[in-house]
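Undergrad: Okay, here's the structure, questions in a sec.
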Amino acid sequence: MDASCDPPRRITYAAYGEMVELAALGLVAAGIRPGETIGIFLPNCWEFGIAYHAATLAGAVPTTLNPTFRDREVHYQLEESEAVFLVTDGSLLSRIDLGGLPALRKVYTVRAAGPAGSQPFDSLFAPVEARLPSPELDSRLTLATLPFSSGTTGLPKGVMLSHYNLVVNVYQTLIPGECGAISDQDVMLCFLPLYHIYGLTVGLNLALIRGCTLVLMPRFDCERSLQMMSAEDVTVVLCVPPTLLAYSQAAEQGRFPREHRLRWVKSGGAPLAPELARRFTAATGIRIRQGYGMTEASPVTHMGFVTGLLYRPESVGVPVALTECRVVDEHGHEVQPGTTGELVMRGPQFMRGYWKAPGATDAVLRDGWYWSGDMVRVDEEGLYYVVDRRKEMIKYKGFSIAPAEVESVLLEHPAVSDCGVVSRTDLGGEEIPCAFVVLREGEASNQQTAAMLQAFVAERLTHYKMPREVYFLRTLPRTASGKILRRELRKLV
């Protein structure tokens, strides 16, 4: 079901398959060739799914763009990916100039009409004389999609994922034997953006492979999503930590539906603070399955549990099938259990490499192992805990400070709604932690509140981890997957 239509549009699997095949034939007739790139610049909607799967069926490679991108960002990805076709909405092109893209041959628009020269997306459903290309024999090598990394550092890079990467990762994600596994009887609510690998794999592709009902929302709207939970008998919701915070607040204010079928929620995209996990479950009675991954891994590498003795919502769980992990120090030597180190992995879900960036590929793929840049620890039961990004770690007088640890403590304070921690260099050349805090409604953003929060952290963590400075914001800058954009916060100190 696509909730972005008015009234919502309901599509059966049979109708979906027919539209995908017709659109694929339309693309072939329009001149798309195997291996060429098709840009998809859309919010969540049924046309996104049709365009994505039609492109792959036609042998093309979809590259998905954030629908909030500005002209510069759209140009960069279309040019970098060498896109020859673009599927978008006319309303999105009102602020985009597609000039200066010599490789771009055709533009298709859904719903709202586009500029001169563009064609309606529906025209791809017209009967044509065309044949679909034969699939390559080795799905491990055939490029299936080219998502771009979130770009939290440097320019975004195209991530080359094969058909094998994507399909195997769906089956790795479907944990057998656990009551949290998704069946064809489930109803999944997805407001996570489909252009992001989390929404694409765990939302769209997993739902279609499993045969469950997928309810699409164009973006997260807390009140609307709560209504959809009840109206559509939703059983599973895909979340990121900021949406869990919004749901926790709604439940505490009595706005979470009393009658629902929601069995569990999936959290990913960014580290989940333990206090937020406990707060959500205490307010709703619903358990959380936290997962972990990255675009380069299609994306899932670890999954937590929602039942049994290993239910630890603050943990990202254990490696999914066929995924090997090592935790190493700065010299590449494996560390003892319980010791923090960098997570290094290999498995069938990992990318072929970065698009046109062999140097960047070699930096993270070494002898078949992917160096994640994430600092983790493993407990005695084999459960993994993400501590922070290696490059985000703050060094103060030789001591390491994980921003996520400080953030987790701040979130325990009843006055704090959201927070982010970064460093700045003081006059002595030391990195000092600085906290950016979003207060709950009714709380005063003054020096007294700042001192109170500093004291709160100092009572719970060693002295050098206390934020030396506290700043107050209305909202935190985040990526679509919920990661804090620390580079934006650093500009404010």
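The values are calculated or read from the model by the stated rules, or taken from the named source; none is laboratory data. Please read all numbers here as calculations on a predicted model, not as lab measurements. As a convention, Cβ positions derive from the backbone with ideal geometry for all residues, glycine included, and neighbour counts pool all protein chains shown.
Undergrad: How many residues does region 434-444 contain that are at pLDDT below 95 and not charged (D, E, K, R)?
TA: Qualifying residue count for the region: 2.
Undergrad: Given (1) farther than 25 Å from GLY35 by Cβ; (2) small (Gly, Ala, Ser); (3) in contact with a helix residue (DSSP H, G or I) (Cβ under 9 Å, 6 or more places away or on another chain), where does ALA130 come up short, assuming only one miss?
TA: That leaves (1) as the condition not met.
Undergrad: From the set of residues in region 362-418 that are of a type in the set (S, T, N, Q) and under 30 Å from ARG474 (Cβ atoms), which is modelled with the highest pLDDT? Before the answer, list the steps.
TA: If we filter region 362-418 for residues that are of a type in the set (S, T, N, Q), which is where we start, we get 372, 400, 408, 417.
After this cut, where a residue has to be under 30 Å from ARG474 (Cβ atoms) as well, the list is 408, 417.
Numbers: SER408: 88, SER417: 94.
Only one residue fits best here, namely SER417.
Undergrad: Oh, and also: Going by what's in this entry, would SER417 be described as closer than 26 Å to ARG219 by Cα, outside any loop (DSSP other than H, G, I, E, B) and of a type in the set (S, T, N, Q)?
TA: Values: closer than 26 Å to ARG219 by Cα: yes; outside any loop (DSSP other than H, G, I, E, B): yes; of a type in the set (S, T, N, Q): yes.
Criteria met by SER417.
Undergrad: Report the residue count in region 63-119 for those that are of a type in the set (Lys, Arg) and farther than 23 Å from ILE50 by Cα.
TA: Of all residues in region 63-119, those of a type in the set (Lys, Arg) come to 70, 72, 95, 105-106, 111.
Remaining after also requiring farther than 23 Å from ILE50 by Cα: 70, 72, 95.
Result for region 63-119: 3.
Undergrad: Whether any residue in region 431-439 is touching a strand residue (DSSP E or B) at 6+ places or on another chain (Cβ under 8 Å) and assigned to a loop (DSSP other than H, G, I, E, B) is what I want to check.
TA: From region 431-439, those touching a strand residue (DSSP E or B) at 6+ places or on another chain (Cβ under 8 Å) are 431-439; that's our starting set.
Checking the rest, the ones that are also assigned to a loop (DSSP other than H, G, I, E, B) come to none.
No: zero hits.
Undergrad: Next question. What are the pairs with Cβ atoms under 7 angstrom where one residue, in region 121-145, is closer than 10 Å to LEU27 by Cα and the other, located anywhere, is in a loop (DSSP other than H, G, I, E, B) and of a type in the set (A, V, I, L, M)? Sequence gap at least six, or different chains.
TA: If the second residue must be in a loop (DSSP other than H, G, I, E, B) and of a type in the set (A, V, I, L, M), the pairs left are LEU132/ALA58.
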